[in-house]
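One structure is given below, encoded as structure tokens.
The values are calculated or read from the model by the stated rules, or taken from the named source; none is laboratory data. Bear in mind that the values here come from a model prediction, so they are computed numbers and not experimental data. Cβ: placed from backbone, ideal geometry, glycine included. Neighbour counts: every protein chain shown. To get the accessible areas, we keep the full protein, side chains included, count just its heavy atoms, and leave off ligands, DNA and RNA. Shrake-Rupley method; radii C 1.70, N 1.55, O 1.52, S 1.80 Å.
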Protein chains: 2
Amino acid sequence: MEKNYTIKDIAKLCQVGKSTVSRVLNHDPKVSETTRQKVQTIIDSVGFSPNRSAQAMRGAQEPVVGIIVSRLNSSGESQTLRAILTALYRQKITPIIVESQFDEKQVAHHLNLFKQRQVDSVIVFGFSPLSEDILQQWQGNMVVIARYFKEISCVYYDDQGAINALMDKFYTQGYRHIGYLGIHDQDETTGRLRTQSYLDFCHRHQLKPNFALTELDIEAGYQHSAQLAQPLDAVLCATTSLAVGMVKYLQEHQSMRPLAYIGQNPLLEHFVPNLINLDFGYEQAGNWAVELLLAQIYGNKTVEQRLVSFHLS
Amino acid sequence: MEKNYTIKDIAKLCQVGKSTVSRVLNHDPKVSETTRQKVQTIIDSVGFSPNRSAQAMRGAQEPVVGIIVSRLNSSGESQTLRAILTALYRQKITPIIVESQFDEKQVAHHLNLFKQRQVDSVIVFGFSPLSEDILQQWQGNMVVIARYFKEISCVYYDDQGAINALMDKFYTQGYRHIGYLGIHDQDETTGRLRTQSYLDFCHRHQLKPNFALTELDIEAGYQHSAQLAQPLDAVLCATTSLAVGMVKYLQEHQSMRPLAYIGQNPLLEHFVPNLINLDFGYEQAGNWAVELLLAQIYGNKTVEQRLVSFHLS
């Protein structure tokens with residue numbers, strides 16, 4: 001009968017740490033080419049499969065990862081989720097998905113459900129308010145996306161840097177009346193943090209703030225576009241959906257202006273030329289979330305925080 | 001202590017069938033107003049909650065419905081899924097979602113997982129090839145969407161009627177050179193059935209068929225748009241994503257034409273005026289799928305097929 005090798009066995013055979021083996025399995029570029037080749041050779045020669053190993057870890061049951069998204073049709077989350085699913089499929093791990101609907105009670109409910117149904121690792125898309133308390137007992141079996149937590153592995157975004165970069169682009173193009181359409185302060189990151197970064201930029205450059213805050217959807221963006229005061233040289237939107245609403249409003253009023261936003265929407269960018277936007281790093285966040293989770297499952301790294309970089313397009 | 005009423009108890013008290021009670025709980029319009037009031041009065045007076053009843057049925061465990069989507073970012077499926085989730089949340093039933101990626105083996109795998117993890121009702125988004133055989137043992141605990149099966153409850157679409165309606169619209173507008181961009185025949189409904197309906201229409205009206213078949217995504221639609229021959233008065237696309245690819249191609253070549261497609265895409269419709277499209281009934285399908293599933297869980301109706309009607313916009 002074939003021996004069921006574990007990550008530990010492979011690590012011992014290769015004389016490296018467990019986390020190095022898991023990095024190789026996960027195609028982590030941080031592993032040196034020499035190490036990668038050494039580990040891969042051993043893996044191939046003994047016919048090791050991380051899936052079989054993980055199954056062994058759990059008795060007969062296969063590895064299942066629970067994913068708590070906040071809402072399935074959010075454009076940014078969809079990109080991150082796609083990256084997560086692709087990475088998990090590659091590892092032969094089955095993802096099951098539930099929706100929190102931005103409700104902390106639902107997260108608690110789903111975590112309880114996962115515990116009952118033998119789901120032992122979880123990726124949670126953060127939102128506000130979501131407190132670290134209810135996640136605490138999952139430390140070492142959980143990665144949070146889009147919120148920073150001290151005691152739980154997380155992958156979080158550079159909201160401040162992204163707003164600064166887009167404002168700076170407008171500023172260096174000579175615009176001084178830059179409006180901002182954002183999200184309510186109840187939302188900690190997409191809301192408060194982005195608005196504050198806009199206000200800080202205005203303060204540093206002695207610009208007069210001109211902004212409106214609303215909900216995270218196209219229709220709300222459209223409805224609140226009219227609230228920005230004149231004069232208005234250019235508009236920065238906190239999210240893709242607000243940008244869609246704003247474009248609709250400006251086009252209907254024949255008053256299109258230079259427009260920037262955080263996120264990507266190929267259809268919008270096809271129909272409206274010269275939009276300024278940025279890749280916020282959604283896909284990178286998904287890949288990193290799986291990396292951190294695998295390091296928990298197969299390695300010994302239980303808590304790590306990573307800041308995702310954005311890229312101006 | 002409060003008695004845990006079951007649907008059966010309520011049915012007996014009201015002197016109606018179990019399925020009538022489940023219809024009332026599910027706000028099914030087919031129940032007469034008199035019956036609805038009678039049943040609702042009893043439900044209210046005994047404080048019956050379908051959720052508590054279902055929990056009782058399963059011992060302590062809450063009801064969980066597994067949903068097997070084919071791919072999360074498909075536009076039509078997203079609309080159906082949203083309707084399903086909303087309806088299940090209303091019933092305090094927890095949905096968990098997995099992706100088949102159009103792979104029958106994955107469906108079998110997920111069904112096995114659901115059985116292991118005490119998920120006892122399933123909604124499956126059909127695709128091709130997906131045979132009735134692997135679903136058979138779930139009869140009475142399953143609803144299939146977008147495929148017709150004899151022995152399993154299903155909600156299926158009117159592909160033929162929709163293609164006919166759109167072709168007829170072009171035809172009555174005087175167009176005689178109508179091109180068609182569709183999906184490969186390996187896909188039974190979105191592919192073969194829609195293409196066949198186009199060809200049948202052409203045959204009946206002595207039009208010369210002019211079509212290209214490709215994969216179900218925007219880029220594929222864009223790449224294959226050039227394959228339609230001239231003369232070309234108008235174009236019918238089998239899906240929204242193909243329509244997006246086709247619009248991109250026609251606009252880039254400054255040769256925009258009357259364009260029709262099955263499905264809806266608010267952003268596309270905002271930017272391109274005069275598109276002809278139809279509501280294929282995605283939302284209705286989601287609502288009906290939950291109705292049929294509730295009739296299985298709470299009632300005694302195990303197999304029912306429903307054809308969803310489309311609506312020209």
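Let me spell out the model: positive unit charges on the Cβ of Lys and Arg, negative unit charges on the Cβ of Asp and Glu, origin at the Cα centre of region B:130-279. What dipole size does that give, in debye rounded to 20?
Result for region B:130-279 is approximately 540 debye, rounded to the nearest 20.
Ignoring any ligand, DNA or RNA, what whole percent of the accessible area of the protein assembly as shown comes from carbon and sulfur when the probe is 1.4 angstrom?
Exposed carbon and sulfur together represent 48 percent of the surface.
Based on alpha-carbon atoms only, what is the radius of gyration of region B:191-313 relative to the globular estimate 2.2 N^0.38 Å?
Rounded to two decimals, the normalised Rg is 1.29.
Size of the dipole of the protein assembly as shown about the Cα centre, Lys and Arg at +1 and Asp and Glu at -1 on the beta carbon, nothing else charged, in debye to 20?
1060 debye
Name the residues of region B:269-290 whose accessible area, probed at 1.4 Å, falls by at least 40 Å² once all protein chains are in place instead of their chain on its own?
Buried by the other chains: B:His270, B:Phe271.
Per residue of B:93-100, how many C-beta atoms from partner chains lie within 10 Å of its own C-beta, taken as a mean?
Partner-chain Cβ atoms within 10 Å, mean over residues of B:93-100: 5.
For B:Val155, which sequence-distant residues (separation of 5 or more, or a different chain) have an amide H within less than 5 Å of its own amide H, given hydrogens modelled in the peptide plane?
So B:Val155 has HN proximity to B:Val144, B:Ile145, B:Ala146, B:Arg147, B:Arg306.
With an 8 Å cut-off on Cα pairs and a minimum separation of 6 or more residues, tell me the relative contact order of region B:7-50 in percent.
Relative contact order of region B:7-50: 38 percent.
What is the distance in Å between the Cα centroid of region B:243-313 and that of region A:175-193?
34 Å
Which shape class applies to region A:71-147: rounded if a/c is under 1.5, otherwise prolate when a/b exceeds b/c and oblate if not, where a ≥ b ≥ c are the square roots of the Cα gyration tensor eigenvalues?
Note, shape of region A:71-147 comes out oblate.
Given a 1.4 angstrom probe, what's the average accessible area per residue across chain B, in square angstrom?
44 Å²
Once Lys and Arg get +1 and Asp and Glu get -1 on their Cβ, which of B:Tyr5, A:Val143, B:Ala108 lies farthest toward the positive end of the dipole of the protein assembly as shown?
In the protein assembly as shown, that residue is B:Tyr5.
Going by a 1.4 Å probe on protein heavy atoms, which residues of region A:67-83 end up with at least 40 Å² less accessible surface in the whole assembly than in their chain alone?
A:Leu72, A:Arg82
Cα-Cα pairs above 15 Å in region A:176-215: how many percent?
Value for region A:176-215: 34 percent of Cα pairs lie more than 15 Å apart.
What is the spread of the Cα atoms of the protein assembly as shown along each of their three principal axes, largest first, in whole Å?
Projected onto the principal axes, the Cα atoms of the protein assembly as shown cover 71, 68, 58 Å.
So if R0 is 56 Å, what FRET efficiency would B:Lys208 and A:Lys12 give, r being the distance between their Cβ atoms, rounded to the nearest 0.05?
Between B:Lys208 and A:Lys12 the formula returns 0.20.
Which percent, nearest 5, of DSSP beta bridges in region B:159-279 are antiparallel?
Of the beta bridges lying entirely in region B:159-279, close to 5 percent run antiparallel.
For every helix of n ≥ 4 consecutive DSSP H residues, a contribution of -39,500 (n - 2.57) applies; sum these over chain A, divide by its total residues, and give [θ] at 222 nm rounded to the nearest 500 deg cm²/dmol.
The helix-only estimate for chain A comes to -13000 deg cm²/dmol at 222 nm.
Which of the aspartates and glutamates could a cross-linker bridge to A:Lys30, judged by Cα under 13 Å and excluding same-chain residues fewer than eight apart?
Result set, ordered by chain and number: A:Glu291.
When Rg is the radius of gyration of the Cα atoms in chain A and Rh is its Kirkwood radius, what does Rg/Rh come to?
The Rg/Rh ratio comes out at 1.05.
So who's got an amide H within less than 5 Å of the one on B:Ser128, skipping anything under 5 residues away but keeping other chains? H placed 1.01 Å off N, in plane.
Close amide H contacts, sequence-distant or interchain: B:Glu188.
Need one number: buried accessible surface between chains A and B, 1.4 Å probe, both sides summed, DNA, RNA and ligands left out, in Å² to 100.
2900 Å²
Using a Gaussian network model of chain A with C-alpha springs under 10 Å, which one of A:Leu292, A:Leu232, A:Leu181 is most mobile by mean-square fluctuation?
Of A:Leu292, A:Leu232, A:Leu181, the Gaussian network model singles out A:Leu232 as fluctuating most.
Sort shortest first the distances from A:Ala108 to its counterpart in every other copy, using label points 7 Å along the Cα-to-beta-carbon line, and give them in nm.
4.3
Counting DSSP beta bridges with both partners in chain B, what percentage is antiparallel, nearest 5?
10 percent
For the Cα atoms of chain B, what angle does the longest principal axis make with the long axis of helix B:75-90, in degrees from 0 to 90, nearest 10?
10 degrees
Could you derive backbone 3J(HN,Hα) for region A:147-159 from the dihedral phi with the Karplus parameters 6.51, -1.76 and 1.60 (θ = phi - 60°), listing whole Hz in sequence and x where the residue is Gly or Pro?
9, 9, 10, 6, 9, 10, 4, 8, 10, 10, 9, 9, 4
Sequence gap at least 6, Cα distance under 8 Å: using those rules, report the relative contact order of chain B to the nearest whole percent.
19 percent
If you wrap a convex hull around the Cα atoms of region A:7-50, how much volume per residue is inside, in Å³?
59 Å³
For A:Tyr180, which sequence-distant residues (separation of 5 or more, or a different chain) have an amide H within less than 5 Å of its own amide H, given hydrogens modelled in the peptide plane?
The answer is A:Asn210, A:Phe211, A:Ala212, A:Leu236.
Which lysines, on any chain, are close to B:Lys150 with Cα under 16 Å apart, when same-chain ones fewer than 8 places away are left out?
Answer for B:Lys150, where 16 Å is the Cα cut-off: B:Lys301, listed by chain and number.
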